[in-house]
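The values are calculated or read from the model by the stated rules, or taken from the named source; none is laboratory data. Values in this document were obtained by computation on a predicted structure and should not be read as measured data. Reconstructed Cβ throughout: ideal geometry from the backbone, glycine too, with neighbour counts over all protein chains shown. Note: areas computed on protein heavy atoms with side chains; ligands, DNA, RNA excluded. Shrake-Rupley method; radii C 1.70, N 1.55, O 1.52, S 1.80 Å.
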Amino acid sequence: MNTTTVLLERPNVHERRRENVATDINVNALVKNASKAIAPLWPIATFVARHPWMGLEHFSFEQVAHRLKLLRDIDLYPSMSMFRAAQRKGELNPKFLEMRLQRWLDEQPLTMPREEAERFCRAALLHEEIPNELLMSSSLKSLAAKMKDMRFRYDFKRLLIRPLSLLLEEQGEEKWARMLDHQMIKWCKLFLDESQASWTMPYREKGFYYAWRKLVINDPSLRKQQRERLQDLPHDAEEALRQALMLLGIPHGAMKDYLEAHLLSLPGWAGMLLWRSQQSGQAHLLLIDYLAIRLSLEWALIAPYLPFAKQKDDDETFLLPLLAAWMHWGGLTPKEWLQLPQAEQKARLSFAYRFDKIVRGKLWLEAWEDTQEVRLKEMIASHSQNNEPKQAAAQLIFCMDVRSEPFRRHLEQAGPFETYGCAGFFGLPIKTRELDSSHAHASCPVIVEPRHEVQEFTSAENVKKYRRRRNTLISFSHTFKKMKRHLLASLLLPEVSGLLLGLYTLARSIAPSGAGRVFHQFQDNWAQKPATELSLNRESSLETTETTDLPVGFSTEEKVRYVYQLFKGMGLTSRFAPLVVVCGHESTTTNNPYASSLDCGACGGAAGGFNARVFAALCNLKEVREGLAKEGIVIPEDTVFVAAEHMTTVDELCWLYVPTLSEAAQKAFDMLQGKLEEVSRNANNERLSKLPGLEDKKKDPLAEAHRRAEDWSEIRPEWGLAGNAALIIGRRELTKHCNLEGRVFLHSYDWRKDPSGEALANIITGPVTVAQWINLQYYASTVAPHYYGSGNKTMQTVTAGIGVMQGNASDLLAGLPWQSVMASDEEIFHSPLRLLVIIEAPQQNIERLFEDDPHFRRKVKNGWLRLVSIDPDSGEWKAWR
């Protein structure tokens, strides 16, 4: 459907008037509101799942789909080929599509026969595309010409603001928009570089706009006249942005939308600048710099074409697809159409306009989601058990990650083991600092502010020896990289290192598992990291360190509170087993820029083992157990907490912290240890069967999993969280006997132990938000991979040490690679469905939740996630809309 453009004329006013108007422009407010259209982008080293539309949740999902379609031609709903594939697989039941259609028709003000409207809609849903021959036919154009005088009322969906450079490009002028993007990519790479470039950007320390203003007047890629226009720019970025808006002739009421359109042109680079600003406490300062540069450059490029002429509405072009819809889907001929009264023609055109591609995609998606919801409901209803669980020999607390579900299921089938799920940071708002490290990582969700730092420490003598060995490797690596970049040394380097690196490359390629094992063994033997302790106590001498602005360790009250909150939230308040295993999780991959995307999202894109170790150690402290007993949680004396890491790529448990065990705990530990190989084999067998390219079913699943983890040519070492579709908040008895196929987040919760609703509220604000962000990132990377994904892994370029690009002049890619969501070029693996949140709790608890959390209620109402509750007594499902 063609669209028109809002008038963007430069007002013909006196210079003084222009200056007065410019001073009225509140740049900070404009940029703040415009930035809601993009999301912060974290560096790829700590890849964090990002909800691309987190700032737009005050709009409905459908409204955002309309806006992005008009602004960037982005389809926010899955394609018809995806819907057809889901239907062929039996994942989408057509009866739900018909139900959704009838519900939509019930909401419409129909001024035409219902039967005719139904026939039109069914044909449009089942036969999506209108043939191009019909759209270009002379008979249809003739019909549109005869109706051009008809006053047809259309709504705001056709009104949009787009960059002037893009509009000029679409009119056949030079590639101004591409040229502008290329310029911005170049300057952003220079400014944001993290020591990847040999030469740093001059004046960088004084700010983005300052450095650019100093350098751009000597930029040879710009023409002389363009550089001259940029010579007298204001020294201040805010003032420069005001001036650019006025010179481009942007009406005051359109300025926010115009800035938004420019941010959406390169959302990756803009998102990285937004993240940098937020991290440095500068609000939107870097975005102001970015927009001042971008709009100043745009003005310099297109100044000869200003003022920009108003585009006239082309009603004839607008009518063509609507008329074609009635010819193709309504079965009318041009002659039959002309015989209709004008009122009926208007009614049909209005109806076809409302039943557009966005609405059709919405109905198809909801039908797909309904089908999967009913299937999950039937599975849980037929397998759930309300019997009180038997006493377990060991209890294991996993991250709620969908990859934990198959492992938990096979573990429970292997013996008297009980599993729980929670957010993988275990409720600890901490920064973690490994032994002798200058970097502290925020090991908690990005929506949680760290309040403490926990450090590894050992004796000064051990640290000194460890530092000496580690620095040797660091120095060797630094020297090697420096020689690669040196003009003369780079010529000698191949002669010196060629044989060794050639053998290494050959071994890595021919026998990746064995070579990887040897290489890791060499690193471990060289480093010889000593045994360490954790700075859990606030009175630790480490609190006075100058390396952190957070308190190191916890007070006794804080230790008790964090442990109590997690146990209460999971419903684990009694019946503790002799052995409780706290399991973080980590992925093991080689040559993978997106390695951190496979680690724990709740730990800020890092492994969760450190948090698991901290939580287990806290639970073993005498003062913590005494404090818990006062709160009604009594942990038996012979119960011991240990920490492990679930290696998701190979489905194995790696022990991190095993203190002295009681007799009962040792017996449980031995029993668990004896079952782990069988569990790992079964879990790998299930997981690997879903990966493409595994035609040889005779392969040993354990060996194959280890090969994929070490093979540096492997583009799919594991599926990650692809396939995620639902989050269940409830007791394990609800799903213990269900094969959820690794598609469901599982968070333990017992409503009976949460009378105030505080635990449920904490789960909604934390884990549910994290799961929603993960879900929508996979969704966006699947339905719009060219914009929200990151393309083909084999063609990616790691850029400036912060992210990836396709080639050397693309946007900074924010989403997941094609191989993370697609089984092949034609077949999707991840089903793009919005997250279904299922809560096992009485209806009044959900009503209380909505009253206390209007933000969550808005998410549900606007379609950013779906919510269902299960009544614990009757088992009745209730959908909340």
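Details
- Note on GLN528/ARG227: beta-carbon distance plugged into 1/(1 + (r/R0)^6) with R0 of 41 Å gives a FRET efficiency of 0.10.
- Helix 663-688 vs. the chain, principal-axis angle (Cα, 0 to 90°, nearest 10): 30
- With the highest mean first, a sort of the peptides 435-447, 613-625 on other beta-carbon atoms found within 10 angstrom per residue produces 613-625, 435-447.
- Residues LEU110 and ILE130, FRET efficiency given R0 of 22 Å [Cβ-Cβ distance, rounded to 0.05]: 0.45
- Here's the picture: charge each Lys and Arg Cβ at +1 and each Asp and Glu Cβ at -1 in the chain, and of SER142, PRO389, GLN666 the one pushed furthest to the positive end of that dipole is SER142.
- Point-charge dipole on Cβ atoms (K/R +1, D/E -1) for segment 672-715, about Cα centre, debye to 20: 160
- Using the 1.4 Å probe convention, the accessible area of the chain works out to 45 Å² per residue with neighbouring protein chains retained.
- Computed label-point distance, nm, for sites VAL798 and GLU336 using a 7 Å Cα→Cβ extension: 6.3
- Highest to lowest packing among 658-671, 399-412, scored as the average C-beta count within 10 Å: 399-412, 658-671
- Dipole orientation for the chain: of the candidates ALA37, TYR77, LEU245, LEU245 has the Cα lying most toward the positive pole (charges on Cβ; Lys, Arg +1; Asp, Glu -1).
- Translational D in µm²/s for segment 290-384 (Stokes-Einstein at 25 °C, 0.890 mPa s, Kirkwood Rh from C-alpha pairs): 131
- Stokes-Einstein D in µm²/s, Kirkwood radius over Cα pairs - the chain at 37 °C with 0.692 mPa s viscosity: 108
- Inter-label distance for GLU91 and SER824, nm, one decimal - labels placed 7 Å from Cα along Cα-to-Cβ: 1.6
- Under a model in which nothing but the beta-carbon of Lys, Arg (+1) and Asp, Glu (-1) is charged, the chain shows a dipole of about 1560 debye around its Cα centre.
- Whole-percent carbon and sulfur share, accessible surface of the chain, 1.4 Å: 52
- Cα long-axis angle, helix 285-302 against the chain (0 to 90 degrees, to the nearest 10): 30
- Taking the chain and dividing mean pair separation by its residue count, relative contact order in percent (alpha carbons under 8 Å, at least six apart): 17
- DSSP-defined antiparallel bridges as percent of all bridges, segment 643-771, nearest 5: 50
- Extension gain for the segment HIS737 to LYS699, taken as residue separation times 0.36 nm less the Cα-Cα distance, is 10.9 nm to one decimal.
- Unsatisfied cross-links (Cα-Cα over 30 Å) in the set LYS89/LYS736; LYS206/LYS465; LYS357/LYS859; LYS36/LYS175: LYS206/LYS465
- Virtual paramagnetic centre 7 Å along Cα→Cβ of ARG103, amide N under 18 Å, in segment 53-76: 60-63
- Cα→Cβ-extended label distance, 7 Å offset, between VAL463 and TRP655, nm: 2.9
- Charge dipole magnitude, Cβ of K and R +1, D and E -1 - segment 21-119, Cα centre, debye nearest 20: 400
- When shorter helices are ignored and each DSSP H run of at least 4 residues is given -39500 (n - 2.57), the per-residue value for the chain at 222 nm works out to -15000 deg cm²/dmol.
- When cysteine pairs in the chain are screened for C-beta atoms closer than 4.7 angstrom, the residues that find no partner are CYS121, CYS188, CYS399, CYS422, CYS444, CYS583, CYS619, CYS654, CYS738.
- Spatially, segment 649-711 and segment 169-214 are offset by 48 Å when compared through their Cα centroids.
- Restricting the calculation to Cα atoms, every distinct pair contributes to the Kirkwood radius of segment 783-851, found to be 14.9 Å.
- Helix 489-510 and the longest principal axis of the Cα set of the chain meet at an angle near 70°.
- Protection proxy ranking for 263-273, 359-369, using the average of other Cβ atoms within 10 Å per residue and placing the highest first: 263-273, 359-369.
- Extension gain from GLN666 to HIS383, taking 0.36 nm per residue of separation minus the Cα-Cα distance: 98.6 nm
- Beta bridges per DSSP, both residues in the chain: antiparallel share near 35 percent.
- Think of the chain as a dipole: +1 on every Lys or Arg Cβ, -1 on every Asp or Glu Cβ, centred on the Cα centre; then among ASN792, SER509, TRP53, ASN792 lies furthest on the positive end.
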